[in-house]
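Taking it in order: structure first as structure tokens, then the write-up.
The values are calculated or read from the model by the stated rules, or taken from the named source; none is laboratory data. Values in this document were obtained by computation on a predicted structure and should not be read as measured data. Positions of Cβ are generated from backbone atoms using ideal geometry, with glycine treated the same way; all protein chains shown enter the neighbour counts.
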Amino acid sequence: MKIRLHVNGALHEVDVEPRRLLSDALRHDLRLTGTHVGCEHGVCGACTVLVDGEPMRSCLMLAVSATDYEITTVEGLAQDGELSNVQAAFKECHGLQCGFCTPGFLTTITAGLRDNPSPTREEARDMIAGNLCRCTGYQNIVAAVLKAAES
Amino acid sequence: MKPAPFEFLRPSTLDEALEALAADANAKVLAGGQSLIPLLSMRLAAPSMLIDINGLGLDAITFADDGVRIGALVRHAELERSDDAARVQPLLREALRLVAHPTIRNRGTTVGSIVHADASAEMPAVLCLLGGTVTVSSRTGSRTIAAEDLYAGPMESTLHHDEVATEAFFPVRQPGTGTAVQEVARRHGDYALCGVAASVTVADGEVTSARAAYFSVCEVPTVIDLTGVPSADAGEHALASLEPQSDIHATASYRSQLVRVLTRNVLQAACDEAFA
């Protein structure tokens, strides 16, 4: 099927099978490999993207169902080469090690801080509860959420 | 971990969707897809066609004196945010906050969860506890199914193949009624190992009705009338009518213990609210 995807402010025309997951369309058809694919059944959160601003699992959407939405991937968070607040806080707080889960955390937290700009530590933990990280023990990610909220 | 090939249809009218569904015995309806797409990816389901109903509207939350109607495309998150829905039936918001993670709730639909008929899910049990209904449409007309008649077995509803669920109805909470829901899961957002929702009604300082609904315990969501049973005995009383299942997540005996504890807790919480 020929479809149009609106991703990070640009319009892309791609020809995909209906079974193409949005995560795979982003990575393989649009070559936006910042979105990572972990579990592919909605548990790990690595593939989380913003769909009309709301975090959703791109592995749990079909590309052919995503044509009506404005999609933001991790590549769309930095503006003019400047890291976003959330990205800068991750860098500063050492909120990542291997980086595999990071794109999903960044998109989730970007929306989370928009909805709750000054979370408590408990709210910060809750914000990231749907994303798995195997390296950091989460402490530095929580610190990054709180740091990003300050800036 | 990739779906098997299927045809894809994105109709713009309900009639078109119903025609297509009736014409293909192996077609499936796609709403939020948060349960269906994992099944496709794991190849536990391989429909010949997906009928994506996201273009059909059906996204209204409407209120009447007797309750709240929820369209088939209302996302869990939207219903959770609705202050009016929480006022009409407070158990909705309380239970929705236990449904997976917020990211899943942003896409998943409440009606989809209800007709997906997973006995581990919160909203089917809530619909059963509250005595709600689901309205379904087919080419030949529509009908309303009472929650108690909706579940035939594990992951099996009583919808016919050619029917699409268009809305669910949850009754208003009556004065003098309190509700509560609690579950135990290994991590917040996981499916519960055991979950219980309760509704208690009082009149003139006496409990006149006490009921509990169980999810992730038996093969279907199960409601038990506990009116008149002392709260300390309520879990044991409920277990006489339940058949807790063993699986890789929990043994039947552990589930039974969770039933005892959660039953007492939710009945107490619902009772406190009813008397408040």
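Annotations for the structure displayed:
- For B:Gly153, the conditions (1) closer than 21 Å to B:Ile224 by Cβ; (2) touching a helix residue (DSSP H, G or I) at 6+ places or on another chain (Cβ under 7 Å) all hold with the exception of (2).
- Only residues that are among the polar types (S, T, N, Q), in a helix (DSSP H, G or I) and within 12 Å of chain B (Cβ to nearest Cβ) were counted in the range A:90-138, giving 2.
- Complete set of residues in the range B:51-76 that are more than 26 Å from B:Leu9 (Cβ to Cβ), surrounded by fewer than 22 Cβ atoms within 10 Å (Cβ to Cβ) and touching a residue at least 12 places away in the same chain (Cβ under 8 Å): B:Ile61, B:Phe63, B:Asp65, B:Asp66, B:Gly67, B:Arg69
- Scanning the range A:73-95 for residues being crowded, with 20+ Cβ neighbours inside 10 Å and closer than 20 Å to A:Glu123 by Cα gives a total of 5.
- Every residue from the range B:1-50 that is touching a residue at least 60 places away in the same chain (Cβ under 8 Å) and either closer than 16 Å to A:Met61 by Cα or facing chain A (nearest Cβ under 10 Å) (or both): B:Val29, B:Ala31, B:Gly32, B:Gly33, B:Gln34, B:Ser35, B:Leu36
- Test result for B:Ala121, in contact (Cβ under 8 Å) with a residue 24 or more places away in the chain, surrounded by 21 or more Cβ atoms within 10 Å (Cβ to Cβ) and small (Gly, Ala, Ser): yes
- Leading residue by the ranking (farthest from A:Ala148 (Cα to Cα)) among those in the range A:73-96 that are among the acidic types (Asp, Glu) and modelled with pLDDT of 95 or more: A:Glu75
- Residue that is nearest to B:Glu7 (Cα to Cα), among those in the range A:20-33 that are buried (at least 19 other Cβ atoms within 10 Å of the Cβ) and not hydrophobic (A, V, I, L, M, F, W, C): A:Arg20
- Within the option set B:Arg139, B:Arg87, B:Arg105, B:Arg143, being surrounded by fewer than 22 Cβ atoms within 10 Å (Cβ to Cβ) and either touching a helix residue (DSSP H, G or I) at 6+ places or on another chain (Cβ under 6 Å) or under 24 Å from B:Gln34 (Cα atoms) (or both) holds for one residue only, B:Arg139.
- Yes/no for B:Ala192 being in a loop (DSSP other than H, G, I, E, B), crowded, with 19+ Cβ neighbours inside 10 Å and not acidic (Asp, Glu): yes
Residue-wise test of (1) acidic (Asp, Glu); (2) farther than 20 Å from B:Thr177 by Cβ; (3) in contact (Cβ under 8 Å) with a residue 12 or more places away in the chain.
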site	(1), (2), (3)
B:Ser216	no, yes, yes
B:Val223	no, no, yes
B:Glu236	yes, yes, yes
B:Leu242	no, yes, yes
B:Asp247	yes, yes, no
B:Arg255	no, yes, yes
B:Arg260	no, yes, yes
B:Arg264	no, no, yes
B:Asp272	yes, no, yes
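- Single residue of A:Val49, A:Val14 found to be part of a strand (DSSP E or B) and under 14 Å from the mean Cα position of the chain (by Cα): A:Val49
- A:His41 meets each of the listed conditions (1) part of a loop (DSSP other than H, G, I, E, B); (2) surrounded by 23 or more Cβ atoms within 10 Å (Cβ to Cβ); (3) within 10 Å of chain B (Cβ to nearest Cβ); (4) not charged (D, E, K, R) apart from (2).
- Inside the range A:65-89, residues that are assigned to a helix (DSSP H, G or I), within 30 Å of A:Ile3 (Cβ to Cβ) and either within 14 Å of chain B (Cβ to nearest Cβ) or not aliphatic (A, V, I, L, M) (or both) make up a count of 4.
- Flag if A:Thr48 is among the β-branched types (Val, Ile, Thr), in contact with a helix residue (DSSP H, G or I) (Cβ under 8 Å, 6 or more places away or on another chain), more than 23 Å from B:Met49 (Cα to Cα) and within 7 Å of chain B (Cβ to nearest Cβ): yes
- Only residues that are closer than 24 Å to A:Cys135 by Cβ and touching a residue at least 40 places away in the same chain (Cβ under 8 Å) were counted across the range A:41-63, and they come to 9.
- Test: B:Arg97 is farther than 28 Å from B:Asp162 by Cα, surrounded by fewer than 18 Cβ atoms within 10 Å (Cβ to Cβ) and at pLDDT 95 or above: yes
- Sole exception among (1) of a type in the set (A, V, I, L, M, F, W, C); (2) free of Cβ contacts under 8 Å to residues at least 40 places away in the same chain; (3) over 20 Å from A:Ser58 (Cα atoms) for A:Ala89, by number: (2)
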